[in-house]
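Engineer: Please read through the structure below; I'll follow up with questions.
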Amino acid sequence: MIDSISGLLIQKNPTYAVVDVGGIRLKVNITISTYERLPSTGSNTELLVYLHVREDILALYGFDHDDQRSMFLLLIGISGIGPRSAMGILSGASIAEFKKRIIAGDVKSLTVIPGIGPKTAKRIIVELKEKFVTEKDDDISMLFDAEKVPDEMDDAIQALQSLGYRRAQAHKAMKKLEKSGDLTGNLEELLKKALKKM
C-alpha cells in the first residue's frame, strides 16, 4: 500500500490536488482543511495517502496529518460510508469537533455536516463512540486542541512523535514551554527544551 507521496504541487483546489512525483502527475482527492494547509503551487509538498482500489477505479485520497487519515479509515469501515462520503464528512467539521459530537451522541449536530443523515449519524455514533470514550482524557483533550497550535509548535510535536513519543506527551511538553515563555528558537532548540520537560 502507498503510505505517502512527495513531489511538486502542480494544481490545487478544495477537492483535489495534482502532485508531480518523478514526472508522473497524480490526482489526489483531498479535504478542505488539507487544501487550506497546502503550500502554493510550484512548491514541494507531501501528503499521507490511502489508495482505494475497485474493479473499475484506482483513486488516491490525501491527508495532511495522520489524525485525519485515521478518522477517514474509521469512517469507511462503517457500512454505507464510502471514501467520497468520508471525505465530505471530514470537510464538514474538524476532527476535534467531529469527535466531540460523536462522544456526546449528538445526532442532530452530526446531521448538520454534509453527507450525514439521521440514520448515518446514529450508525457512526454506535460504531465509533466507544472507541473515543475509552481513549485517555489527555489524548482526547490534545486532539481537541490539535488544530489550534502554532505552526512551530506543531512541527516540534511531529518531530517528537518521530522520536517515539505519543502526540499527547509531546503536546503537553510544548504547552509547558508556551506557559513558561520558552517557546522560542529554531526546531532543534525547541526539541531540546521539550525533551527536558518530558
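Engineer: Quick one: which residue in Leu8, Leu51 is in contact with a Phe, Trp or Tyr (Cβ under 9 Å, 6 or more places away or on another chain), hydrophobic (A, V, I, L, M, F, W, C) and assigned to a strand (DSSP E or B)? Steps first, please.
Structural biologist: Details: Leu8 fails: in contact with a Phe, Trp or Tyr (Cβ under 9 Å, 6 or more places away or on another chain).
Checking each option against the conditions leaves just Leu51.
Engineer: A further question follows. If a residue has to be in a helix (DSSP H, G or I) and either touching a Cys at 6+ places or on another chain (Cβ under 9 Å) or free of Cβ contacts under 8 Å to residues at least 40 places away in the same chain (or both) to count, how many in the stretch 98-114 make the cut? Explain how you work it out, then say what you get.
Structural biologist: Keep residues of the stretch 98-114 that are in a helix (DSSP H, G or I), which gives 98-104, 107-110.
This time we only want the ones that are either touching a Cys at 6+ places or on another chain (Cβ under 9 Å) or free of Cβ contacts under 8 Å to residues at least 40 places away in the same chain (or both), so: 98, 101-104, 107-110.
Count: 9.
Engineer: Determine whether the stretch 115-122 contains at least one residue that is touching a residue at least 40 places away in the same chain (Cβ under 8 Å) and not assigned by TED's automatic domain parsing to the domain that holds Pro14. Before you say what the answer is, go through the steps one by one.
Structural biologist: Here is the first cut: in the stretch 115-122, the residues touching a residue at least 40 places away in the same chain (Cβ under 8 Å) are 120.
Going one step further and asking which of them are not assigned by TED's automatic domain parsing to the domain that holds Pro14, we end up with 120.
The answer is yes, given that some residue of the stretch 115-122 is touching a residue at least 40 places away in the same chain (Cβ under 8 Å) and not assigned by TED's automatic domain parsing to the domain that holds Pro14.
Engineer: A further question follows. Does any residue of the stretch 62-77 turn out to be of a type in the set (Phe, Trp, Tyr) and not in a helix (DSSP H, G or I)? If you could, list the steps in order and put the result at the bottom.
Structural biologist: First, pick out the residues of the stretch 62-77 that are of a type in the set (Phe, Trp, Tyr): 63, 72.
Those left that are additionally not in a helix (DSSP H, G or I): 63.
Yes: one or more hits.
Engineer: Follow-up. Could you look through the stretch 115-129, keep only residues that are assigned to a helix (DSSP H, G or I) and over 20 Å from the mean Cα position of the chain (by Cα), and pick out the one that is farthest from Ile76 (Cα to Cα)? Break it down stepwise before answering.
Structural biologist: Going through the stretch 115-129, the residues assigned to a helix (DSSP H, G or I) turn out to be 118-129.
Those left that are additionally over 20 Å from the mean Cα position of the chain (by Cα): 118-123, 126.
On the way: Pro118: 17, Lys119: 16, Thr120: 12, Ala121: 14, Lys122: 15, Arg123: 12, Val126: 14 Å.
For the stretch 115-129, the residue satisfying everything is Pro118.
Engineer: Another one. Report whether or not Leu90 is within 27 Å of Leu110 (Cα to Cα), assigned to a helix (DSSP H, G or I) and either modelled with pLDDT of 90 or more or among the aliphatic types (A, V, I, L, M) (or both). Before the answer, list the steps.
Structural biologist: Numbers: within 27 Å of Leu110 (Cα to Cα): yes; assigned to a helix (DSSP H, G or I): yes; either modelled with pLDDT of 90 or more or among the aliphatic types (A, V, I, L, M) (or both): yes.
Judged against the criteria, Leu90 is a match.
Engineer: List every residue pair whose Cβ atoms lie under 7 Å apart, where the two residues are 6 or more positions apart in sequence or sit on different chains, the first residue falls within the stretch 157-180 and is modelled with pLDDT of 80 or more, and the second residue, located anywhere, is exposed (fewer than 14 other Cβ atoms within 10 Å of the Cβ) and in a loop (DSSP other than H, G, I, E, B).
Structural biologist: Qualifying pairs under 7 Å: Ala173/Met198.
Engineer: Looking at Ile57, is it within 22 Å of Asn13 (Cα to Cα) and either assigned by TED's automatic domain parsing to the domain that holds Leu128 or of a type outside the set (A, V, I, L, M, F, W, C) (or both)? Break it down into steps so the answer makes sense when it comes.
Structural biologist: Details: within 22 Å of Asn13 (Cα to Cα): yes; either assigned by TED's automatic domain parsing to the domain that holds Leu128 or of a type outside the set (A, V, I, L, M, F, W, C) (or both): no.
In short, no.
Engineer: Looking at the stretch 69-76, can you tell me whether even one residue there is out of contact with any helix residue (DSSP H, G or I) (no Cβ under 9 Å at 6 or more places or on another chain) and either of a type in the set (A, V, I, L, M, F, W, C) or surrounded by 19 or more Cβ atoms within 10 Å (Cβ to Cβ) (or both)?
Structural biologist: yes
Engineer: What's the number of the only condition in (1) more than 26 Å from Ile157 (Cβ to Cβ); (2) assigned to a strand (DSSP E or B) that Val28 fails to meet?
Structural biologist: (1)
Engineer: Could you figure out which of (1) at pLDDT below 85; (2) part of a helix (DSSP H, G or I) isn't true of Thr184?
Structural biologist: Thr184 satisfies every listed condition except (2).
The values are calculated or read from the model by the stated rules, or taken from the named source; none is laboratory data. All values derive from a computational prediction rather than experimental measurement. Glycine also receives a Cβ, built like all others from the backbone with ideal geometry; neighbour counts cover every protein chain displayed.
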